[in-house]
Structure formats: C-alpha cells, structure tokens
Amino acid sequence: MRGKIRILSLRRRLIADLMRASRDVPLITYQRSLNLTPLALARGRLAAPPGFAAIVAKAWALVARDQPMLRTLVVDFPFPHLYELPRSVAMIAIARDVGGEDCVLMQKVVGADELSLRCVDALIREAQTAPICNVPMFRKLLRISALPWPLRRMVWWGGMALARQKANFFGSVGLSSVSALGAGDLYPISPGPYMLSYGRLHDDGRFDMVIRFDHRLIDAAPIARAMTRLEQVLNTTIASELQAMYNPATDLPPVRVVGA
C-alpha cells in the first residue's frame, strides 16, 4: 500500500527523545485513592480556584521539603550516585495546540513550597495560554529539538548524565493528568525519579492518585508513607490556604455540612 512520508514536527521529535531517555528508568507504579473532603470543601467555595496541577505540585513540594529522598536524582555518570536537590523541581506536562497539532510541552516550577498557590497556578496557566515563544522552558526544549540528531543526542546525554543539567531539564518530579478530559487512569513515564498522575475529584471527596517511582532510589513502603503524608498536607496546609483565599463578596457561600 502506498503511503505518504511525513516529517516529525519539533513537538513530536521532543516526545520521541523524551521517551528514548525514559526507557531505561525502572519505574514502579503505586496507586491510591485519597480522601480529600476538607480540600474539596475549601476549593468548592472559590469562584476561580487554583487548578489541581498547582495544588498537587505545591503539596508534593511541601512533603519533599522534609523528605530529601523525594527531591533526589539517580545519576549514572561518571559513576552511579545520588544527587540531592535543595528544592523540589516540578516538570508539569502542558497540553497545547500548535498549528492544529496536539502536543505536550513541559513547564518547570522550582520550589513550589515557597510560592503561593495563586503564583504556582499562574505559572501553569501562563504556559497553557501564552504564545509558545514566550515561555522560556518551551523555547529551550524546542531549540534542542531543532538540532540535527547527532547534536541532539549529545545534548540529551548531557541532560541525563550531568546531575545539575538533569535537574534543569527533567526536575525531581513530573506531573501529568488528563482528568480535565474525563475519567481514566494515566501511567506516564519520565527520565526523572518520580512521576505523578491523578484523576478527577469525585463528589464524595475521593481523589485517585498514581505515582511512578525509580526503584533504584526508593522502595514501596516509603512511597506509601509519602502518599499518606501528601493526603495530610492537602487536607491541612493546602486546604487552609484555599480557605484564606475565600472572599465573601465574590466567592460562593459556605457549604453547609448535612447533620452539622
């Protein structure tokens, strides 16, 4: 059957290189349904609440602040070793339409625990709506994708092999979700040590979370404890920040709990 040759766009070339860099990372999957009723009540009162990408990124950074292993990278060059970062670096997958083509690009958020939720959310929304050329991380990634393949391989090798560059290009945690498009689980891969994905917030407060982690770095038991701590942070620190955003003049009236 005769077909037509189509050249990979820069966006698809980026994803191809990302998958190639991810293939040797031994990611293990852990999944749990969190009970986020307090957070859901606080968020539900806001007319324009922060998105869950911002909420999860900040909550994870708060947990990682006290657990250095959650902001540690595995580096193989010049010998296998671990590289601890001073702050959490989140790489958030942003779905964009560029010239009629669906694509995914990465927005970097450094030290989300040191920023307000509004600020983290603004960084993500800017990446979702601003022209591609106006987002620094997008420009950097697409410039690399435009290189001839021998140079591109060298740059990607450096990004994986050199600890500081691995933090700059891949971060300490990745976030990806398709919850805005409906129900369904996503199990993405990444060159980084941790990859978070989540579903929709259910009416009963359930929130399905998937974490994929590099088994060379950490085992399942600490990940289970980290997920428990993440649930606590979401329902306390993050919920309190959402409550502090409430403005009676513009937001919804308080939600009355049945039987209270």
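Listed by position, the strands (runs of 3 or more DSSP E) contained in the stretch 1-91 that have at least 2 residues being surrounded by fewer than 17 Cβ atoms within 10 Å (Cβ to Cβ) are 27-35, 81-84.
Checked against the criterion of being farther than 30 Å from LEU46 by Cβ and modelled with pLDDT under 95, the candidates ALA167, ALA183 yield just one match: ALA167. The set of residues from the stretch 75-94 being under 15 Å from the mean Cα position of the chain (by Cα) and touching a residue at least 60 places away in the same chain (Cβ under 8 Å) comprises SER88, VAL89, ALA90, MET91, ILE92, ALA93.
With respect to the conditions (1) surrounded by 13 or more Cβ atoms within 10 Å (Cβ to Cβ); (2) over 30 Å from GLN243 (Cα atoms), SER172 lacks only one, and its number is (2).
Every condition in (1) within 26 Å of ARG87 (Cβ to Cβ); (2) among the small types (Gly, Ala, Ser); (3) crowded, with 16+ Cβ neighbours inside 10 Å is met by ALA130 except one, and the failing one is (3).
For PRO80, the conditions (1) closer than 19 Å to SER190 by Cα; (2) in contact with a helix residue (DSSP H, G or I) (Cβ under 9 Å, 6 or more places away or on another chain) all hold with the exception of (2). Here is the figure for the stretch 188-203: residues that are over 23 Å from GLU84 (Cβ atoms), small (Gly, Ala, Ser) and touching a helix residue (DSSP H, G or I) at 6+ places or on another chain (Cβ under 8 Å) total 1.
The values are calculated or read from the model by the stated rules, or taken from the named source; none is laboratory data. No experiment lies behind these values; they were computed from the predicted model shown. With ideal geometry, Cβ positions are generated from the backbone for all residues, glycine too; neighbour counts draw on all protein chains shown.
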